[in-house]
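The values are calculated or read from the model by the stated rules, or taken from the named source; none is laboratory data. Everything numeric here is computed off the predicted structure, so don't read it as measured data. Cβ coordinates were reconstructed from backbone atoms using ideal geometry, including for glycine residues, and neighbour counts include every protein chain displayed. Calculation scope for accessible area: heavy atoms of the full protein, side chains included, ligands and nucleic acids excluded. Shrake-Rupley method; radii C 1.70, N 1.55, O 1.52, S 1.80 Å.
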Amino acid sequence: ELDIAIIAYSPLAQGLLTGKYHEDPNSIKTKKGYRKMMGSFKGKKLQKTRPLIDKLKEIGQKYEVSPAQVALNWTVNYHKDRILAIPGASNVNQAESNAKSMQINLTLEDMEQINRVSKNITEI
């Protein structure tokens, strides 16, 4: 509305949108740092994001890519020049995966599906 771009400094929600914490919710307990203190990685809040993770996985399977790659691609391409994504990477593999996410050609329908599901999540 105001024609202002937003910088998404954590487009994968601190790793939440990778789906790895949904596959193994107890893995957060073994992590060092702040994630194990964040409510979004625990119980009901973690489960609240399950439909989005399931949709990212479903679309990822279609393109043979990870949920994280789908999420990054959607963030950049669905929102065009309104959102600039700055994905973090803890290692070379994550950085390469982030870069490869831009090689996916999600359809408009794929992006609309992600958008619909993500709107049901009011906070992460």
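The table that follows gives values for the structure above.
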{"quantity": "Förster radius 22 Å - calculated FRET efficiency between Leu2 and Glu23, Cβ distance, rounded to 0.05", "calculated": "0.05"}
{"quantity": "Residues in the stretch 85-123 reached by a label modelled at Lys62 [backbone nitrogen below 12 Å; 7 Å Cα→Cβ]", "calculated": "105-115"}
{"quantity": "Assigned charges on the beta-carbon of Lys, Arg, Asp, Glu; the stretch 80-124 dipole about Cα centre (debye)", "calculated": "80"}
{"quantity": "Protection proxy ranking, peptides 67-76, 93-102, average beta carbon neighbours within 10 Å, highest first", "calculated": "67-76, 93-102"}
{"quantity": "Area accessible to solvent at His22, 1.4 Å probe radius, in Å²", "calculated": "10"}
